[in-house]
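Engineer: Sharing a structure below in structure tokens format, with a few things to ask.
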Amino acid sequence: MDTYHKSVLLQEVLSFLKVEGGKKYIDATLGGGGHTKKILELGGEVLSIDVDQDAIDYVRSKIKDLGRLTLVRGNFKDIGEIARLHGFEKVAGILFDLGVSSHQLDTASRGFSFQKEGPLDMRMDKNLSLKAADLINVLTKGELYELYRRLGEERHARAIASAVVSARQIKPIATTTELAKIVQLGAPKKFSNINQATKVFQALRIAVNDELNSLEVTLPKSLDLLEKEGRLVVISFHSLEDRIVKNAFRFFSNAKKGKIITKKPITPNWEEIKKNKRSRSARMRVFEKL
């Protein structure tokens, strides 16, 4: 199932979730279904959620025995309502594998990657009305600067915002490769393994999908769904997400709602990074409910 998306920290997730047969689990970010499939193989019952219909359709086509699997298209910010609707009010574990799936990055028409020419879309939920192109072509220079600086943590946000505004005065910016070239022209040249457009694309994707707000909203709801000694496992891929998770877990701990299992985030080993370069920025944190 990893042609669609290669699951990150798979064995570590299973170990920290302490998967047991007959127990209920929620995979809040289904993706290619790798984590879900392994939990099912270990005898767990799984509610798997994804906002992207492509992910739901893919997993439904690959997993033939759906007896212990409930697939739901929805946003994980609504995890409480979704869980109650499908009989998962108290579960042994919940997993969030945040970020973009390999399928989304590799499908040019989705517009997530600057390495493939496609429309500036970036919607995980295709029913959303706002696209990345709308933000790029409508926001003021000041708003673009704030977007790149806050959500992309881009040091050269001001220069890039100026380059974008100058370029769109000639014609609207419509494709991923157009935007990537404009960013490279606007940002100072540097020697790095990271493409200059990376943080700009990250900022746009986060804004289009309201990712940080959704994460902040869902973590307390997820804790409420856990049974005693149930575990919440979150894999993040950039510092903004990781900071939200770290602060939420610290708040839960201070409120005597449970304990932080991972004092420092778990990261992929060298072997996994060699096999899947996209895993290199993964950070996993785990919290256990009292």
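The values are calculated or read from the model by the stated rules, or taken from the named source; none is laboratory data. What you see is a predicted model; the values in this text were computed from it and never measured. Cβ placement follows ideal geometry from the backbone for every residue including glycine, while neighbour counts extend to all protein chains displayed.
Engineer: Within the stretch 22-32, is there a residue that is modelled with pLDDT under 95 and either hydrophobic (A, V, I, L, M, F, W, C) or in contact with an Asp or Glu (Cβ under 7 Å, 6 or more places away or on another chain) (or both)?
Structural biologist: yes
Engineer: Sort through 31, 22, 99, 43 and tell me the only one that's in contact (Cβ under 8 Å) with a residue 24 or more places away in the chain, more than 30 Å from residue 117 (Cβ to Cβ) and of a type outside the set (A, V, I, L, M, F, W, C). First the steps, then the outcome.
Structural biologist: Details: 31 fails: more than 30 Å from residue 117 (Cβ to Cβ); 22 fails: in contact (Cβ under 8 Å) with a residue 24 or more places away in the chain; 99 fails: more than 30 Å from residue 117 (Cβ to Cβ).
43 is the lone residue from the list that is in contact (Cβ under 8 Å) with a residue 24 or more places away in the chain, more than 30 Å from residue 117 (Cβ to Cβ) and of a type outside the set (A, V, I, L, M, F, W, C).
Engineer: Would you mention how many residues in the stretch 49-72 are over 15 Å from the mean Cα position of the chain (by Cα) and within 18 Å of residue 217 (Cβ to Cβ)?
Structural biologist: Qualifying residue count, the stretch 49-72: 1.
Engineer: Residue 111: closer than 14 Å to residue 205 by Cβ and not hydroxyl-bearing (Ser, Thr, Tyr), yes or no?
Structural biologist: Details: closer than 14 Å to residue 205 by Cβ: yes; not hydroxyl-bearing (Ser, Thr, Tyr): yes.
So residue 111 fits the description; yes.
Engineer: Kindly indicate whether any position in the stretch 221-240 is surrounded by fewer than 18 Cβ atoms within 10 Å (Cβ to Cβ) and within 13 Å of the chain's Cα centre (by Cα).
Structural biologist: Yes, the conditions are met somewhere in the stretch 221-240.
Engineer: Given the structure, is residue 194 in the same structural domain as residue 155 (by TED's automatic domain parsing), surrounded by fewer than 17 Cβ atoms within 10 Å (Cβ to Cβ) and under 23 Å from residue 281 (Cβ atoms)?
Structural biologist: When the stated conditions are applied, residue 194 passes them.
Engineer: Follow-up question, since we're still on this one. Residues that are crowded, with 22+ Cβ neighbours inside 10 Å and touching a strand residue (DSSP E or B) at 6+ places or on another chain (Cβ under 8 Å): find the helices (runs of 4 or more DSSP H) completely inside the stretch 1-96 holding 2 or more of those.
Structural biologist: Hits in the stretch 1-96: 10-17, 34-41, 79-85.
Engineer: So for the stretch 71-87 (the condition being at pLDDT 95 or above, out of contact with any Pro (no Cβ under 7 Å at 6 or more places or on another chain), among the basic types (Lys, Arg) and over 23 Å from residue 235 (Cβ atoms)), does at least one residue qualify? Before the answer, list the steps.
Structural biologist: At the first step, the residues of the stretch 71-87 found to be at pLDDT 95 or above are 71-87.
Still in the running and out of contact with any Pro (no Cβ under 7 Å at 6 or more places or on another chain): 71-87.
Add one more test, that the residue is among the basic types (Lys, Arg), and what stays is 73, 77, 84.
Retained after the next criterion (residues that are over 23 Å from residue 235 (Cβ atoms)): 84.
For the stretch 71-87, residues at pLDDT 95 or above, out of contact with any Pro (no Cβ under 7 Å at 6 or more places or on another chain), among the basic types (Lys, Arg) and over 23 Å from residue 235 (Cβ atoms): present.
Engineer: At least 3 residues that are over 27 Å from residue 103 (Cβ atoms) and among the aromatic types (Phe, Trp, Tyr) in each: list the helices (runs of 4 or more DSSP H) lying fully within the stretch 203-290 that qualify.
Structural biologist: Helices (runs of 4 or more DSSP H) meeting the threshold: 239-254.
Engineer: Same structure again: Select from the stretch 186-230 the residues that are under 15 Å from residue 153 (Cβ atoms), of a type in the set (A, V, I, L, M) and either modelled with pLDDT of 95 or more or touching a Lys or Arg at 6+ places or on another chain (Cβ under 6 Å) (or both) and list them in ascending order.
Structural biologist: The answer is 200, 203, 204, 206, 207, 212.
Engineer: In the stretch 122-139, what count of residues is obtained for those that are more than 28 Å from residue 231 (Cα to Cα) and either surrounded by fewer than 16 Cβ atoms within 10 Å (Cβ to Cβ) or free of Cβ contacts under 8 Å to residues at least 40 places away in the same chain (or both)?
Structural biologist: Count: 9.
Engineer: If the Cβ limit is 7 Å and pairs must be 6+ apart or interchain, which residue in the stretch 261-287 that is at pLDDT 95 or above pairs with which residue that is aromatic (Phe, Trp, Tyr) and in a helix (DSSP H, G or I)?
Structural biologist: Partner pairs satisfying both residue conditions: 261/16; 285/249; 286/16; 287/249; 287/252.
Engineer: Would you mind stating whether residue 157 is without any contact (Cβ under 8 Å) to a residue 40 or more places away in the chain, among the hydrophobic types (A, V, I, L, M, F, W, C) and either surrounded by fewer than 16 Cβ atoms within 10 Å (Cβ to Cβ) or touching a Phe, Trp or Tyr at 6+ places or on another chain (Cβ under 9 Å) (or both)?
Structural biologist: It is true that residue 157 is without any contact (Cβ under 8 Å) to a residue 40 or more places away in the chain, among the hydrophobic types (A, V, I, L, M, F, W, C) and either surrounded by fewer than 16 Cβ atoms within 10 Å (Cβ to Cβ) or touching a Phe, Trp or Tyr at 6+ places or on another chain (Cβ under 9 Å) (or both).
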